[in-house]
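Engineer: Sharing a structure here in structure tokens format.
What follows draws every value from the coordinates through simple rules; no lab data is involved. What you see is a predicted model, and the numbers here were worked out from it, not measured in a lab. Using ideal geometry, Cβ is built from the backbone for each residue, glycine included, and neighbour counts are taken over all protein chains shown.
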Amino acid sequence: MKKYSFTINGNLYDVAVKNVDDNVAEVEVNGFNYSVEFDRSLETTKTPKLVRSQVVPSTDITPSEQKTSSPAGPKGAGFVRSPLPGTILDVHVTVGDTVRSGDKLITLEAMKMENIINSDKGGKVTSIKFKKGDPVMEGDILIEIG
């Protein structure tokens, strides 16, 4: 709904355009509703709608659990990825350690700041892909949890 204020012959009119269909407009003038008919069809200008594709993060930072698995199988297996490029300052776990969601895994230096990479899943550390001092890129798999 668009609102306008007009002054005609010294009188103030508050006008709200409610709806426009072909050559008929529904308007409200100072609280009273009117139907206004035009002598020709009105063309409404349409602003193009910006459509963006859904953004998928390059990291696996949301807690993930397997949707289907055997009852005896391991739960929560997956990868911990680097959220941004940087250098590994410290690795706080070793292969074979059992971790829970929220446990500290790696300290990553990125943009002159230390970032703690926590586990987002529980399980046993099956492999560590990088060691202290290694550079990593965004999305690189740092640790595999099985």
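Engineer: Sort out for me the strands (runs of 3 or more DSSP E) sitting completely within the stretch 90-146 that have 3 or more residues that are buried (at least 17 other Cβ atoms within 10 Å of the Cβ). Steps first, answer last, please.
Structural biologist: Values: elements: 104-110, 113-118, 123-128, 141-145.
Correct list: 104-110, 123-128, 141-145.
Engineer: Okay, next question. Are there any strands (runs of 3 or more DSSP E) wholly within the stretch 1-41 with 2 or more residues that are surrounded by 12 or more Cβ atoms within 10 Å (Cβ to Cβ), and if so which?
Structural biologist: Working: elements: 2-8, 11-21, 24-29, 32-37.
Those strands (runs of 3 or more DSSP E) span 11-21, 24-29.
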